[in-house]
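So the structure is just underneath, and the comments pick up after that.
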């Protein structure tokens, strides 16, 4: 039986301007996700964790914390973009065009806007992308640009793989 290496991620040379990645995993947002994230981050707006308060707002139910939405959609993109990332350089133009609610399922996709070699580190490239997160009905709930550094081919550190029998 052959041992087959699992997915090891893209490197800088794999990114081309105009490429679109449909990220493979959707995620249904649970009430616990929203409440815990809001409380862990000390977001005291009751619209994220107080159901009775939220019923009296224009939305009539709890809104998902927008920082959770940003973190979730960024996380969904890692499998396609930054398994071999060095560091995020920034998120820009973050927009929340429609609300996300508990029970909604989030999907995402990313378009490569720019890819260039680092001017100071030969082992690294810099990629700028636009990512959109959308709900189960195809309605956009978040859009943002992200810039990250990613290793070039031949420069990705190798994690040790030791199997003791």
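Values quoted throughout were computed directly from the atomic coordinates according to the rules given, and no laboratory measurement underlies them. These numbers come from a predicted model, not from an experiment. Cβ: placed from backbone, ideal geometry, glycine included. Neighbour counts: every protein chain shown.
For the ranges 4-10, 63-69, 37-43, what's the packing order if you count other beta-carbon atoms within 10 Å of each residue, average per peptide, and put the highest first?
Top of the packing list down: 63-69, 37-43, 4-10.
So for each of 92-99, 141-148 I average, over its residues, the number of other beta carbons within 10 Å; can you give me the resulting order with the highest mean first?
141-148, 92-99
What whole-number volume per residue, in cubic angstrom, does the convex hull of the C-alpha atoms of the range 96-152 give?
89
Tell me the label only: which of [x] 1.22; [y] 1.44; [z] 0.95 is Cα Rg over 2.2 N^0.38 Å as calculated from this structure?
Computed from these coordinates, Cα Rg over 2.2 N^0.38 Å corresponds to label [x].
How would you rank 27-35, 50-58, highest first, on the average number of other Cβ atoms within 10 Å across their residues?
27-35, 50-58
What percent does the relative contact order of the chain come to when contacts are Cα pairs within less than 8 Å and at least six residues apart?
Relative contact order comes out at 29 percent.
Evaluate E = 1/(1 + (r/R0)^6) for residue 155 and residue 98, where r is the Cβ-Cβ distance and R0 equals 45 Å; express this FRET efficiency to the nearest 0.05.
So the FRET efficiency works out to roughly 0.65.
How much length is gained on full extension from residue 52 to residue 7, taking 0.36 nm per residue of separation minus their Cα-Cα distance?
Full-extension gain reported as 11.7 nm.
Rounded to the nearest Å, what's the spacing between the alpha carbon centres of the range 1-38 and the range 145-162? Just the number, please.
Each part's Cα centre sits 15 Å from the other's.
Under a point spin-label approximation (7 Å from Cα along Cα-to-Cβ), what is the residue 139-residue 31 distance to one decimal in nm?
So the label points at residue 139 and residue 31 sit 2.0 nm apart.
With runs of 4+ DSSP H residues as the only contributors, calculate the mean residue ellipticity of the chain at 222 nm using -39,500 (n - 2.57) per run, divided by the residue total and rounded to the nearest 500.
Mean residue ellipticity, 222 nm, calculated: -5500 deg cm²/dmol.
Round to the nearest 10 and give me the degree value, 0 to 90, for the angle of helix 66-81's Cα axis relative to the longest principal axis of the chain.
Its long axis makes an angle of about 20 degrees.
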